[in-house]
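Here is the structure we will look at, set down as structure tokens.
The values are calculated or read from the model by the stated rules, or taken from the named source; none is laboratory data. Fair warning: this is a prediction, and the values are worked out from it, not measured in the lab. Note: ideal-geometry Cβ built from the backbone for every residue, glycine included; neighbour counts use all protein chains shown. Just the protein is used for accessible areas: all its heavy atoms, side chains included, with ligands, DNA and RNA removed. Shrake-Rupley method; radii C 1.70, N 1.55, O 1.52, S 1.80 Å.
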Amino acid sequence: MTAVNTLTTANATELSEFLAQVKELNQPYVHKRKRTEINAMRRTLDFFEHIKAGKEPMNDGNVSSALLQLQRVQAQVTAMIQEATTLQNWLRGGRRTRIEQSLRKLSETYTLSYERDALNVIKFVNFSLGPITIRHNGVDHFIGDFNVKYSTQAEHAYYGIKVFNPTKTSSGRQHPHVYENRCCFGNISSLMDTYWKDGDWVTLTETLIDFLHTYNPENPFRKIAHWKDGYCDWCHELRTDCNCGRLGDVRNESAETEEEEYDDDEYEEDYYEDEEDEYEDESE
């Protein structure tokens, strides 16, 4: 990164307001049950199942006893649900605090802007990453000047991070590994999710920038040749070596045939669907 933006007064005020919306919580007290209590609940469930299976006599005494014990188990489970909800809220509150700390750190390097919802809570954080260049096969390819948007409410990095390239897109692709503003993180997907869920958005941003500076020729959404300067737009050879007979023609990408686009588009559509299916399966 070459450009470093300073923290403005307005930016600091917005960040302070955001920090005021959350507070650090100490871990709440939850009842730590002994093994004997857990085993008692298990025995109650086993007893009732044995009655239904005929392993215990099915009479009024046994059923009434099982009902009373199940009601006690139900009360314990209800308490556990309340404890789990309390812990979840605490953990998410801690994550928000870590996000705020990350934003404070990021604001020392980038100029952050915010989008709020109807309740004036910040939902999106926007900032510029600056120019992105990829060196491939000894050639530097200027990919574009990138902006990023983080969603504070998204569960996964894949859905929470959107990147924009307003300067140099290719057939709607912002980057060889970005499709519809979403990154295919490949083998670092789990790592990015960890940073995202932990609220470590400083390391997340550093890793995102490293990702944008890399190219994997095995599975791009769009081949890096589309971002080459001094190359033929049609055959992707150096203009001095071009023999396709179309050098100098204006490439109308919207008029390309399905056959011409197969190498890029057919593959990238399938890859994109697989990426979404992975998170759909995970959510199920």
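Over all distinct Cα-Cα pairs of the stretch 79-172, the Kirkwood formula returns a hydrodynamic radius of 16.0 Å. Round to the nearest 0.05 the FRET efficiency obtained for ASN120 and ASP198 when R0 = 30 Å and r is the Cβ-Cβ distance. Rounded to the nearest 0.05, the efficiency is 0.70.
Extension gain for ILE38 to PHE142 (0.36 nm times residue separation, less C-alpha to C-alpha distance): 31.3 nm. Counting only protein heavy atoms and a 1.4 Å probe, the stretch 61-122 has 61 square angstrom of accessible area per residue. One decimal place: the segment ASP46-GLN153 gains 34.4 nm when fully extended, by the rule 0.36 nm per residue minus the C-alpha distance.
Solvent exposure of GLU108, expressed as accessible area, is near 110 Å², computed with a probe of 1.4 Å over the protein chains only. Here is the list for the stretch 48-87: trypsin sites (Lys or Arg not before Pro) lying in DSSP coil, each with at most 12 other C-beta atoms within 10 angstrom of its C-beta, are LYS55.
Say R0 is 45 Å: what FRET efficiency, to the nearest 0.05, do THR97 and LYS55 get from their beta-carbon distance?
Plugging the Cβ-Cβ distance into 1/(1 + (r/R0)^6) gives 0.30.
Note on LYS197: accessible area approximately 90 square angstrom, rounded to 10, probe 1.4 Å, nucleic acids and ligands left out.
Could you pull the accessible area for VAL139 with a 1.4 Å probe, rounded to 10 Å²? VAL139 has an accessible surface of roughly 50 Å² with all protein chains in place. If you take all other residues with their beta carbon under 9 Å from the beta carbon of SER151, and give Lys and Arg +1 and Asp and Glu -1, the sum is +3. Split the accessible area of the stretch 94-185 by element, probe 1.4 Å, and carbon with sulfur accounts for 46%.
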